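So the structure is just underneath, and the comments pick up after that.
The values are calculated or read from the model by the stated rules, or taken from the named source; none is laboratory data. For clarity, every value in this text was computed on a predicted model and none was experimentally measured. So basically every Cβ, Gly included, is an ideal-geometry build from the backbone, and we count neighbours across all protein chains shown.
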Amino acid sequence: MKREQAEKMKHTLVAVLFLMQGMSAVGGTTAAAGATAHLSTMLPYLTQPRNMNGELSSSPKLFANVSGSVNDEGTCQCSVYLPDTTFPVEKVEQLEIITTTLSQKFEAELSKVREYSKKIELYQQQLLNLTIRVQQVETGGISYTELDFQLLKVEISDLERLVTQLKPSLVGSSAIVEQIYLEITNLTILVSELESLDKNNVLAIRRQIVSLQNRLKECEENATKIPSPPYFPPGTCIHRGLMNVSQPYVAKLNWRGFSYKYGSWGRDYYPSNPEKEVYWVAPLNTEGRYLEYFRIYRSFDDLLLFKSMYERRITYGEGSGAALYKNHLYYHAYGSRYMVKHDITTNTQVLKKELPGAAVGNRFSYAGVAWQDIDFAVDESGLWVIYSTENNVGNIVISKLNETTLDVLNTWQTRQYKPSVSNAFLLCGVLYATRPLNTKKEEIFYMYDTSTGQEGRISIIMDKKLDTIQSIDYSPTDQKLYVYSDGYLVRYDVTFQA
């Protein structure tokens, strides 16, 4: 405690000396010299540590650095530096720098906030103005500009163009379209008048345009909409004949493989039990002539999954003209004019009878399909056979058969050359013949009605997945065409004329 008091006394004496130095400047040179001499004697005492008796300590330590000088006027000047190591000067400086930086950032953000506030006020005013304008338009208190009329003219021009495009697509009368076109012309005149006179009736014009657009849309839908075909119960012939066929549905490859490109397949027809499902597939051997094996399936799903009810072997059939009717397979016996009736359940030949006058030996087979001299067919009325004779110079001959005895009940001779058609089938007593247009399309181009004896040309296009059609069989049970094409089993739905 006493040491601290001594230190404080030293600091006080130094301060007194500085005060005396200032006062000596007024007292003259002598006083200054005396003060200087006194200062010279006092500084060592003040700047060196001493003990309690005023004596120098054994190891003096410098705690202050004092330097002095006398100016031209004789005044003593000195500087005293008292170090203070306990005060954190560097940290204070860092705090000052951080404070300055934060202040600058705060001012920048504050400026942005002020700018955003001004923009928000501007947007609020714009929204208010837009709200007022919308209310005025809704209440009809504002006039339309020149741009509104230009838009009207563009819309009317579009309507006129649509009507012009719609005219060629309509089949039959186009009176409705002509009436719409006349109304569009009247609208054009009316818009021109309103543009020069009254601009407050634009809403009425727009309503008329919307109405016309809706009517045009209905016309387009009616022009492009394909009506659903009328329904006729299977097994009936109350329609007016074949109208169209669907896109092909490829069921699968035949059960013997890709190399067996010739053959036939279809669904059995039971007039007394039309719900019964029995399918048959009869690929020829690879040379495209011999019919030796066929399989029977109890459902279409079983056919797709290769789950046959049974497989049968016969010796031998010829060509792809076989057909299944009432649980019996009818086919052309190899190398002869004989027709064969085969029971598929017992796998026995029931009957064999010659077809009188039939040309055989690949004499008048179908175009592109060999060994199909005798082609059996089934329709709603029963069993038929399609063939050719020398007496009819190779033209198609149609005979109605008694399925029990295979006797010929009636015969019709056509004027269509058999080798010029690719295949044929019967539907409700009408023969339909096909011909290839290219590798992707087949055309049903010829018909012969056995009920009237009339024949003629038609054009019904059949899309093909493969190049050649080896056989076509019609099933009255589901009204489908069963096509054997290059080894694949293909089906077509048929539609009839009302």
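Pick from Arg267, Arg256: which is surrounded by 15 or more Cβ atoms within 10 Å (Cβ to Cβ), under 16 Å from Val494 (Cβ atoms) and assigned by TED's automatic domain parsing to the domain that holds Ala333? Testing whether each residue is surrounded by 15 or more Cβ atoms within 10 Å (Cβ to Cβ), under 16 Å from Val494 (Cβ atoms) and assigned by TED's automatic domain parsing to the domain that holds Ala333 leaves just Arg267.
Within segment 275-300, the set of residues being of a type outside the set (Lys, Arg), surrounded by 15 or more Cβ atoms within 10 Å (Cβ to Cβ) and assigned to a loop (DSSP other than H, G, I, E, B) comprises Glu277, Val278, Leu284, Asn285, Gly288. Screening Arg435, Arg457, Arg415 for residues that are surrounded by 15 or more Cβ atoms within 10 Å (Cβ to Cβ) and either more than 21 Å from Ala370 (Cβ to Cβ) or at pLDDT 95 or above (or both) leaves exactly one candidate, Arg435. Mind counting the residues in segment 450-487 that are over 34 Å from the mean Cα position of the chain (by Cα), of a type in the set (Gly, Ala, Ser) and not in a loop (DSSP other than H, G, I, E, B)? Adding up the residues that qualify gives 4. Taking segment 415-446, which residues are in a strand (DSSP E or B) and either outside the structural domain of Arg337 (by TED's automatic domain parsing) or closer than 17 Å to Phe376 by Cα (or both)? Within segment 415-446, Asn423, Ala424, Phe425, Leu426, Leu427, Val430, Leu431, Tyr432, Ala433, Thr434 meet the criteria.
So that you can scan it fast, the table gives a plain yes or no per residue for (1) touching a helix residue (DSSP H, G or I) at 6+ places or on another chain (Cβ under 6 Å); (2) among the acidic types (Asp, Glu); (3) under 17 Å from Tyr325 (Cα atoms):
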| residue | (1), (2), (3) |
| --- | --- |
| Val397 | no, no, no |
| Leu406 | no, no, yes |
| Thr411 | no, no, no |
| Ala424 | no, no, no |
| Thr434 | no, no, no |
| Glu442 | no, yes, no |
| Gln454 | no, no, no |
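Listed here are the residues, each with its yes/no results for (1) at negative phi; (2) in contact with a Lys or Arg (Cβ under 8 Å, 6 or more places away or on another chain); (3) not β-branched (Val, Ile, Thr).
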{"site": "Met339", "(1), (2), (3)": "yes, yes, yes"}
{"site": "Arg363", "(1), (2), (3)": "yes, no, yes"}
{"site": "Ala370", "(1), (2), (3)": "yes, yes, yes"}
{"site": "Gly382", "(1), (2), (3)": "no, yes, yes"}
{"site": "Asn391", "(1), (2), (3)": "yes, no, yes"}
{"site": "Trp412", "(1), (2), (3)": "yes, no, yes"}
{"site": "Ser420", "(1), (2), (3)": "yes, yes, yes"}
{"site": "Lys441", "(1), (2), (3)": "yes, yes, yes"}
{"site": "Ile444", "(1), (2), (3)": "yes, no, no"}
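Search segment 330-347 for residues being free of Cβ contacts under 8 Å to residues at least 40 places away in the same chain and not in a loop (DSSP other than H, G, I, E, B), and hand back the single one that is farthest from Ser399 (Cα to Cα). Filtering first and then ranking leaves Asp343.
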